[in-house]
Every structure is written in structure tokens, then in C-alpha cells.
Number of protein chains: 4
Amino acid sequence: MTVIKLIGKKPRLKNPILIEGLPGVGNIGRVAVGYLIEELKAKKFAELHSEHFFPFVMLHENYHIHLLKNEFYYWKAKKRGQQDIIFLIGDCQALSPNGHYEVIEKILDFVQGFGTKEIITIGGLATGELEEEPQTLGAVTDKELLKKYRGFNVKFNAGEKVGYIVGAAGLLLGLGKERGMKGTCLLGETSGFPIVTDPKSAEVVLKSLTKILQVKVDMSKLDQRVKEMEHFIKKVESLQRKALMEITKEEKAPVKGKEQLRYIG
Amino acid sequence: MTVIKLIGKKPRLKNPILIEGLPGVGNIGRVAVGYLIEELKAKKFAELHSEHFFPFVMLHENYHIHLLKNEFYYWKAKKRGQQDIIFLIGDCQALSPNGHYEVIEKILDFVQGFGTKEIITIGGLATGELEEEPQTLGAVTDKELLKKYRGFNVKFNAGEKVGYIVGAAGLLLGLGKERGMKGTCLLGETSGFPIVTDPKSAEVVLKSLTKILQVKVDMSKLDQRVKEMEHFIKKVESLQRKALMEITKEEKAPVKGKEQLRYIG
Amino acid sequence: MTVIKLIGKKPRLKNPILIEGLPGVGNIGRVAVGYLIEELKAKKFAELHSEHFFPFVMLHENYHIHLLKNEFYYWKAKKRGQQDIIFLIGDCQALSPNGHYEVIEKILDFVQGFGTKEIITIGGLATGELEEEPQTLGAVTDKELLKKYRGFNVKFNAGEKVGYIVGAAGLLLGLGKERGMKGTCLLGETSGFPIVTDPKSAEVVLKSLTKILQVKVDMSKLDQRVKEMEHFIKKVESLQRKALMEITKEEKAPVKGKEQLRYIG
Amino acid sequence: MTVIKLIGKKPRLKNPILIEGLPGVGNIGRVAVGYLIEELKAKKFAELHSEHFFPFVMLHENYHIHLLKNEFYYWKAKKRGQQDIIFLIGDCQALSPNGHYEVIEKILDFVQGFGTKEIITIGGLATGELEEEPQTLGAVTDKELLKKYRGFNVKFNAGEKVGYIVGAAGLLLGLGKERGMKGTCLLGETSGFPIVTDPKSAEVVLKSLTKILQVKVDMSKLDQRVKEMEHFIKKVESLQRKALMEITKEEKAPVKGKEQLRYIG
């Protein structure tokens, strides 16, 4: 009951890297990857819906009804040094713990069919403080990647600040590694309380990401685009807040001290 | 473990439109569709029960035990302009998020077997205020329907007031669209706090619905019928209240301001 | 993952009536049916365990570990007017709503294999008051049974006092009816707050039950036996309390007035 | 969606005894079995991951991402009186009740393939008091084991102090017995509030365990090792606290008196 549906013809891609930007803390991933999709004019080619999402439909433009979904876009390398890319964005993540595992496995099955061997996930790290100069923190499933990406303004010390990565940003990498895929998580520092979209942090992560992907993107329209997407983002925020409460609800009682206030998604 | 059982012979229907009126906010759908079934003398032909309902049986008439169920009725077009109809009413909706998806898919499988190509769901929109002159709001999965139904006192601006449609009223349309079925949701404005049956709002929606279906119904007995159904409705209300709490429980904590107080079902 | 395991040879039974006495409100069923099993020297022939039970094992006699289970006993008719009986007792009921449905369907599959055509379930009706002279209330799935059992000190007006029967006592009858089995629920009135075993109410129900089954049982040892079983019963009570909280947790918030305080199990 | 993956070649083992030390109350099992694995230089040969674990990945050494997992190690008997051993340790236990059953059945399938006929699980018994001289309490699934292990400083009166054993420490024995495996649970007394790793209690249990297994282990490095593992243990504690809250959450409300404060895991 988690279904991925191709839209149009199956694209031919060469070992595309998967870039995930589902809603999460600060919507860092959703904003950064959403903007990159627009700027690169990536093409939508598949949709995922799942019984593990909220039993809701969304209302757009006053009257239009949409099933909650995740979306796949592709972009083909234009020049040397670049690589084909599959982007994953969407309205929400799974609601239940086992739902997370099931949706992520379906996504991995799907991208494996295109030859994906590497994954980069984008998330936010809630620091509980206003971040004047947010940084991109990183973590990897393979030591080799450390050397490869260290140069791109990524500080690979996320583990000093948090103990876990929650949801798709973490599981895609952990379960991907079981299939031999290498993985990197890029986390933008963000206040995280209350959970609000943080375009500033998204921009910092996006800068690291575009360097890694060797693509050029005009950042000047990011703020403008976030404003235009405000209505949609508010809905996603509301969904994400609910989902986060669902999977972190057991954490509420024994939270003590500053370290526990930090989380990642 | 969600089973639909035919009662008697399978009826022959010609592309019947599905009209859903399961319990929800204000029981708008349950009352409007229940009344229409009686007035049109529609015939019951199938029952659904599911492991995703409450693990309860209901007691009727002091001593009689009934499994919780949804019921299918049909009505055949009598003259030009009308169409065959399948009505869906019942005691309750599914309890868990994935239960919702599973029950709805079963219902869609079932009506697809009769050639259903269009669905209208009826729900309530809880405004948190006493509604002196409740209106019928609408939302669609297909722009074409907007033109078709705009004339029938339906204001297609539901999206201005709420972001989601919860449960069967939403998912039947969202998942139906994936199968190529067109869908409309008609929502009656109702106070919604506390969750009580609102016959006034149900009547307003019923007026729009009968115009859409091109059937004539004597509205004068609606109040009387609601009174007669009071005992049954109280039980349905109690079930519905529990189910709504179940699927919206994660919404409680961060509710702020008026917009979030509105919900749909 | 719900398994019923035969112990020894499969008994030959002739259309045995199923008598259920799983833990519930006041442990009426557990005590009444447990006592009947001992007095009739019924023979244990099968055990059920399920992933839908608590992820616990019980400790008996200081050092002995037992998986949570339900147990089947049989008794063969000794003279005219009697019938073969399958008794169902156990440590607990399922924990989740869909778990209830799955365990009950497994039980029905199992007894159907022995030709069961009738079911009697025993439960307690929590009145919230100290009951000086508790009565046996009844409800049926088939009007015919009303006439048959009305004579045996059963008041068939349970529906005046409660709206639902929760758990096995209800679902065995509701789902059994779907298979053409007739069913009766006998409910002993009991205070229900706090949930404590009520041997007095169990005795009243047991008197009705023995008349229905046309068996004679010496009631004088019931109090004594309840005392002897005290240690076991305390554990069952604790489990049952947890299970009841699990399936009725969504009921807590909107409870108002006396009627809602009553429940059945 | 619970997968056990062999690492390297399948080891040849002769009826290995399974020793379980997953995280639980006081982390008695995790510490005792983890230390034994190191001291005996047992060899890792399999990993388990499951959709029933938290939808998290862990961060180690600042930048390294790991899927939550359980791990299997083996050790081959060196001399007469010893036996081959499979050790089971890990980051966490399952999150949901049915998840527990499913993961445990998978583990039993796996070790049964190696000829396992006996299981010893290690847990903590939370007494709610500071334990100056914690003892090893025991419980068994087979009376025979009582005689066999009574000599090794194990007091087989756990049932006097608690009614249940929660999670893997209990279910491995209860479900194992259904497959004809004999089982013993060794429980270290520990305060249990707040849930903190208790190396003192772990040492007491480890002394009993090494006598049972007839292996010699230098205990002097235990404190040192616990300190070295501190960072890892803190994460495991945090996970375990969450899991324990998940499966015991329904216990909170009606807890009264001292007896109910005790639990086992």
C-alpha cells in the first residue's frame, strides 16, 4: 500500500545521485531541494503515495483536492564533473515508525532500478537557539565521503551535537548502506523552536550542496520564492509538526538539559 | 480483513455515482445521505465490516447486537438527466491512519466493479462559531466539475477556510482520482464544538446535492426524522467523537489561533 | 502470528456451544467460566498465543515463566438436554483494535472446525455503583434466543444501560453472526471502579448460565476458589486494567454524565 | 521487514546456548553480555535490523551514521564442560507490542538453525531502592533448570517480587519454550529510577553467568570498560528509556503501592 507511479516515460539515467529534501526541522531540505529543482528545471517523473501518510487530502487554490504525496524529479548532467540527479521532495513523511521503514525501502527499491549508488539527504538540526550564522553540519555512512566533501563548507561533526537523525534524512542513508549505497546527510543549523521554515539556513546548506553537485544556481530568488511558497509551506509545516510529534512523542517526558533539546530531521 | 458482503443479488447499475455520507463533523453527511436514502427508497445491497473499526459491537433496541458496519444502497435513475446512484453510509469510519487508506481502497475496488466514474462526498466544516446561515462549500479533484456544479449554491472556496479534508470525505476523492474517478466534496458549515449533529447544515447541503443529482425530495420531514434517529445518532456521535480524537490527537498540542480550530471531516 | 495449538488428540465434539470467559470488567467471565470448568472437570485441549497480546511473560510460583495465552477446554454432554461445550478462558485479551478482530476471527475459525453454531459470552457491566443485588443482563444477535433464554433470570435490556460491548464478549458474537452462529452475551452488573474481581456478580451470572446449559454446579466453593486464585487473579486484573485502558483510552476526554461511565467488557 | 544478515561465512556451532543481553532496565544485560563478548573475544557473525525499531539512525564518532541493529556473536567451547555460545546484544529492542513478538520469532528462527536448545536472558529488576548488595534473581521455563542452576548464586524467587518479565528477556523464553527450548532469565537487582546503567548489578549477574557457562573472565576491567563505553551507553539508555515508556505507558495511571513500582526488562 505504498505505491510509486511513473508519470510518462521512464527516464534513462546514469547512476543518478539521489537528493532528498522532504519536510523536516526548519524545512531546510524542502526549501533547498525545492529551489534547486526549479532553478535546474528538473522534470517530474514519478509520484509516491502511501497508507502510512496522514489520512488527509490537501486543499490547494481554494477548491482543488490533492492526495498527500512525495514526488520524484530528474535532471541530466550537462557537462563534465556533473552527474545525473534524482530529487525527492513532498508534502510529508510517514506517520508511524514502521511506516517510515516501509516508505524508505520502497524509495530505495525505486531509485536502485535507475542505478543509484549515492544518496545525499538534507535536514535541519534544531539547536534551540537563534543561529546568526548557521553552518552546514555533515555525517556520512562511509569514511571515504568525508575526504570527498570536507572541502565544501561542511563540518563533519554532527555527532558532537546530536545522537540520532530522525526519519527519511537518516533512514535513507542507513537502509541505503545495507544495499551498498554511500550516503551523506547535510544538516543546516536552525533554531527549531517553534518549527518554522528557515530560508537562511536552507541557503547555507544549498551552497554546500551545489558545490558538491558542481551545479550553479542563482541564490538571489530564494527569499522571494520562499515568500511565494508561503501558503504551501504553512500547510507542510503543519503536517510536519504533527508527524514530528507523532514520532518524537515518547521523548517528551524525560527531556532534560540542553543536549536533549537538539534533534534532527 | 476488510470485507464487503453482497446482500442478495448483485444489482445492475450504469456508471453509478457514489454518494458518501459516513459519520463526521456535525454528522452532515450521515444525516443528509441517510435522509436521501429513505426518501428515494434506495435499496440496501451490501455491507462492509473491518478490523480497522472499533473492537466494539453496538446494542440496538435494548437487546440486539450489531457489528459496526458501513452500508451500500443503490437507486436507479427514473428519468432523463438522472443517473444511477450508490449511497454509502454507516456507523463509523476507520480508527487508524492506515486503516483509513485500506477501507477506502476496498470501497473504491467495490464501486469500480459497478462502473463508478464519479464520487461526491459530504462532510462538515467546523467553524467554531454558531452558523446562522450555514453555506455549502465545495472542493473538487477536477477543474471541469467546478463549472458543472457552481450553479447549485455551492461556494468553491473551501480552501480559503481549511487546509485539509480528513478521513473518508477526503480520501475517497484523493484515492479515487488515482483511478480516474472525478470527485467533489460538499461541506456544510457547522459550529463543530461540541461535535453535535447539525440538521440545519445537513439540509443546506442536501438542497445542493439534490439539485446536482436532479432528484426531488420533500425536506419537511428532515427535522422529524433526525428526532426519530436521535438514539442511533447519539451512538454514532459518540463513536465519531472517539474516531476523530484518534486521528486528530496529534493536533491538540500546537493549536493556536482561529484557523487551526477549523477542521473538516 | 496468532497461533492455536492442539494439546494431545483433537476431541470429537457434536456442535459444541462456545462459552467465553476471558478477563474483563469485574472478571465476571473469567471467574464464572473458570469455576464451571473446574466443577465440570472440563479437559484442556488447545492453547492460543498471539503477537497481539502484551509483550510480557508471566511469572508463576516464584520462578516459573509462562507466555500469555488463551485456553480451550471441552466437556461432553452427559445426558439429554445437555450439549457438548467448548470453554474459552485466558490471561488476557488483545491489545490493539485490529488485534482484537484478528484473534477473534482465529478463535471462530477454530471452533467452526468443531461444528460450533452457538456462542455465549460472559462479561461485566460497570455501573459505577455498589451493586447490592447484581442482576444478569443479556443481549442477543438473534431474536429467537430471546424467547429461549428469557426464563433464566436474564433481563434482556442491556441496551438501555450501555451502547456498546467492548472486546471479545462483543466481537465473538458480532463476527460469529457473520458466519451464521447465534450468540448471547450475559453481563453481570458490577461496580467496576476500581476494576476488581466481583465473585458475587459472577455467581449471579453463573446461575443463569448453568440453567441455560442444564448443568448442575455446587456454588458453595466459589468464594473459596476465588480466594485461592487470588494471586493469579491479581495478575490478570493488572493485565486487564492495562488492556482496557488501551482500548478505551480515547474515551477519557469527553466522558460526561453517568451514562458514559458505564461500560461493558 | 525484520532481516538477519550473515557477515561472512556461517559458523559451524554445536547446539549453541543463546545468551541475550539487549538494552533494558539498568542495562544489566547489555553491560554483562557486552563485557563477556569482549573478554571471550567472541566473533560477530550476523546483524538484525527491523522496521519495528525506532525510525532513527545513530551517529558515532562525530560523523558516522549507523542503522539501529542487534548483533550476533559466537564463541566456540574450548574445553570439557563448556559449550558453544551465541551472544545477542544491540542498540535497542522493538518499539511496539507486536513488533516485539515478530523480532523475537525471527531471532528464534535464526538460532534454531544453529541447533540452539537452551536460552539464557539477562535483565534488570527495578526495585526502586538503592541496592547495596544486589542479587541475581532467576526464573525458568522448565523445573529441571532450577536444580541445575540453583548452585550459582541465583535466587529463584523472582516471582515473589514481580509478576511479569517485559520484552526480549521474557519473550525469548516464552516463545522459545513453544519450540522446545529451555530457558532461564537472570535478573540483577537495580534501583531502576532513574534508568541508569548499573555496572555493580551487572557484575553480580555476570558472576552467576560465568559459573553457569564454566568460563573464566577477569572482572577487574568491567568498571573501566563501562566508563569507556559511556558515550555509547548514554545513547542506548536514551533509546531504551523511550522504548520502555512506549511499552509500559499504559501502566502509568493506575500504579499504586510499592509492588507495582517494580518491573523487569
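For the reader, a short list of remarks on this structure follows.
- Residue closest to axis [chain B; rotation mapping onto C; Cβ; Å]: B:S96, 6
- Taking each DSSP H run with n ≥ 4 as -39500 (n - 2.57) and averaging over every residue of chain B yields -10500 deg cm²/dmol at 222 nm.
- The ranking of D:S220, D:S96 from fewest to most other beta carbons within 10 Å of each one's beta carbon is D:S220, D:S96.
- For chain A, share of DSSP beta bridges that run antiparallel, in % to the nearest 5: 60
- Range in chain A, longest, excluding exposed GluC sites (Glu not before Pro) [loop by DSSP; at most 16 other beta-carbon atoms within 10 Å]: A:133-265
- In summary, the aspartates and glutamates within cross-link reach of D:K216, defined as a Cα separation below 17 angstrom excluding same-chain residues under 8 places away, comprise D:E38, D:E39, D:D84, D:E203.
- Mean projected area of the convex hull spanned by the Cα atoms of the range B:13-240, taken over all viewing directions: 12.0 nm².
- Choice from D:H49, D:H231, D:H66 with maximal GNM fluctuation in chain D (Cα, 10 Å cutoff): D:H66
- The Rg/Rh ratio of the protein assembly as shown, with both radii computed over alpha carbons and Rh defined as the Kirkwood radius, is 0.98.
- Calculated FRET efficiency for the pair D:K207/D:K148, C-beta based, R₀ 22 Å, to 0.05: 0.85
- Sorting C:K216, B:K235 by the number of Cβ atoms found within 10 Å of their own Cβ, with the fewest placed first, yields C:K216, B:K235.
- Fewest-first ordering of A:I17, A:I107, C:I7, A:I212 by other beta carbons within 10 Å of each residue's beta carbon gives C:I7, A:I212, A:I17, A:I107.
- When chain A is treated as a Gaussian network with alpha carbon springs shorter than 10 Å, the biggest mean-square fluctuation among A:L209, A:L40, A:L172 belongs to A:L40.
- Selected from A:V25, B:G34, D:Y73, residue furthest toward positive end of dipole (the protein assembly as shown; charges at beta carbon): D:Y73
- For A:H64, residues with placed amide H under 5 Å, excluding near neighbours: B:V140
- Here D:K177 is the anchor, and the aspartates and glutamates within straight C-alpha reach of less than 19 Å, apart from those fewer than 8 places off in the same chain, are C:E47, C:E51, C:E61, C:E71, C:D91, D:E20, D:E102, D:E105, D:D109, D:E118, D:D142, D:E144.
- 20 Å Cα-Cα threshold exceeded, pairs from D:K43/D:K155; B:K44/B:K69; D:K44/D:K227; D:K41/D:K78; B:K117/B:K147; D:K14/D:K76: D:K43/D:K155; D:K44/D:K227
All of the numbers you see were taken from the coordinates with simple rules; none came from a lab. Just so you know, these numbers come straight off a predicted model, no measurement behind them. Every residue, glycine among them, receives a Cβ derived from its backbone with ideal geometry; neighbour counts consider all protein chains shown.
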